[in-house]
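What follows is a single structure, written as structure tokens, with notes after it.
The values are calculated or read from the model by the stated rules, or taken from the named source; none is laboratory data. Keep in mind the model is a prediction, meaning the values are calculated, not measured. Glycine gets a Cβ as well: all are built from the backbone with ideal geometry, and neighbour counts include every protein chain shown. Side chains are part of the model used for accessible areas, which takes the heavy atoms of the whole protein and leaves out ligands, DNA and RNA. Shrake-Rupley method; radii C 1.70, N 1.55, O 1.52, S 1.80 Å.
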Amino acid sequence: MTTAMNIPALIAAGDSLLESDGLNIDLHGANGAGRLTAAVLPNADGRLARIELTVLADGFADAEQMALDHMSMVLSRIAFQADVAVEVGAIVVVEKASQIVHAAATVVGAIQPATMNAVEGWSTEELGPFLAAYREGLNNPNAPLYQALSFYKILEGAPAFHTRRVRAASRAGKPPPIDPFDAAIPADASLLSEDVWNRDAFAPYFGLSFTDVEAKVRTTIRNGAAHLKPGMENLRIADMTDDVRACRAIVPVLRYVARQIIEGELALANAAAGAPIPSPPN
């Protein structure tokens, strides 16, 4: 992860747990077609740090996808053989003719105020696993399949709280409470709060209830990322660029819904305990 898009620094900052003078890898398509040669190069400390290869592509996006699709499986093979974690921290694409550079990296995000006074009274034992899942989602920006699953688990498990409230209301002869999953994604981007990132990701979900969002991604994202059955429809693989992009695109939406649900449950838990509900930070 990085906090700046300084391209020379991105390249120089590459690192791993693998000591080597470098590796040369020949990649072959079916029947020997589409051969590529990739160089795995060390950094100044003698640890493998970056991969360089040349591809013939129709543009930056095509070049990035070709490189990732070729090299991700190689990285997985290296990680398995060495039994160490290997991840891609940044991708730099240079067009040979013009020397125009396109770079992409995982960014931690903007600095946020700690507002530690707002933490008091905001957790319960039952909500602990949901907060843990949310933190795991935040902590893994380089693993979008895992991020999507982490946030999805909150959507999957949280309805149990409402089910209990409905049963308790029924036993007490009271009307059922409002289902938090009836809440919806705003109807357009202008209605999203200012702190929402990657607003374009919300476009397919504008106006959908949280229930509809969960149902929409259950098969295409959740099942595909959680299972590994050869031949299964919608299977999501971390080495396939399209699958990574599909999960990365849904993460902001799942994160938004998960946060709304957790905040509502925390507020209800505090109200039930007679504790004051902290105001959200400005």
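Backbone geometry of segment 17-26 corresponds, through the Karplus equation with coefficients 6.51, -1.76 and 1.60 at θ = phi - 60°, to 3J(HN,Hα) couplings of 9, 10, 7, 5, 7, x, 10, 10, 10, 9 Hz, x marking Gly and Pro. On segment 178-260, 52 percent of the accessible area sits on carbon and sulfur atoms, based on a 1.4 Å probe.
Each of His102 and Arg199 was given a label point 7 Å from its Cα along the Cα-to-Cβ line. The distance between the two points is 2.4 nm.
Treating r as the C-beta distance of Asn234 and Asp212 and R0 as 22 Å, the FRET efficiency rounds to 0.75.
Counting only protein heavy atoms and using a 1.4 Å probe, the accessible area of Leu17 comes to about 130 Å². Reported to the nearest whole Å, the Cα centre-to-centre distance from segment 41-73 to segment 218-236 is 27.
Need one number: the % of Cα-Cα pairs in segment 124-282 sitting beyond the 21 Å mark. The proportion of pairs with Cα distances above 21 Å equals 51 percent. Straight Cα distances below 30 angstrom link Lys229 to the lysines Lys153, Lys216, with same-chain residues fewer than 8 positions distant left out.
Heavy-atom accessible surface of His162, to the nearest 10 Å², is about 20 Å², with a 1.4 Å probe and all protein chains retained. Karplus-derived 3J(HN,Hα) values for segment 237-242, using 6.51 cos²θ - 1.76 cosθ + 1.60 with θ = phi - 60°, are 10, 5, 8, 9, 4, 4 Hz; glycine and proline are entered as x. The Rg/Rh ratio of segment 182-227, with both radii computed over alpha carbons and Rh defined as the Kirkwood radius, is 1.03.
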